[in-house]
């Protein structure tokens, strides 16, 4: 995956792991983060997991993005 202008990663919008995670996390974080932020975090997570096994990507992308969104929004999990 290459970088887009401005240092952002090109996000594979056709990737089902990305699409599903964006939909679910945008709903989950709707009161704390805008959809654009969620999409950016999911795409960054997908990029960082680029070398992971393809069959594991849907779960890994969503879990990593959720953790990053929790940290970003200062939400404390007990």
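Residue by residue through the stretch 51-78, note down the ones that are surrounded by fewer than 11 Cβ atoms within 10 Å (Cβ to Cβ) and under 22 Å from residue 14 (Cα atoms).
Correct list: 51, 53, 54, 55.
Just for the stretch 13-23: of the residues that are modelled with pLDDT of 70 or more and in a loop (DSSP other than H, G, I, E, B), which one is nearest to residue 52 (Cα to Cα)?
Across the stretch 13-23, the extreme among qualifying residues is 15.
Let's see how each residue does on (1) in contact with a helix residue (DSSP H, G or I) (Cβ under 9 Å, 6 or more places away or on another chain); (2) modelled with pLDDT of 95 or more; (3) not in a helix (DSSP H, G or I):
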residue: 25; (1), (2), (3): yes, yes, no
residue: 38; (1), (2), (3): yes, yes, no
residue: 41; (1), (2), (3): yes, yes, no
residue: 46; (1), (2), (3): yes, no, no
residue: 51; (1), (2), (3): no, no, yes
residue: 56; (1), (2), (3): no, no, no
residue: 62; (1), (2), (3): yes, yes, no
residue: 66; (1), (2), (3): yes, yes, no
residue: 69; (1), (2), (3): yes, yes, no
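Taking the residues in the stretch 22-50 that are closer than 17 Å to residue 11 by Cβ and without any contact (Cβ under 8 Å) to a residue 12 or more places away in the chain as candidates, determine which candidate is surrounded by the fewest Cβ atoms within 10 Å (Cβ to Cβ).
Of everything passing the filter in the stretch 22-50, 36 is surrounded by the fewest Cβ atoms within 10 Å (Cβ to Cβ).
The values are calculated or read from the model by the stated rules, or taken from the named source; none is laboratory data. All figures in this text were calculated on a predicted structure; none of them were measured in a lab. For neighbour counting, all protein chains shown are included, and Cβ atoms are generated from backbone atoms with ideal geometry for every residue, glycine included.
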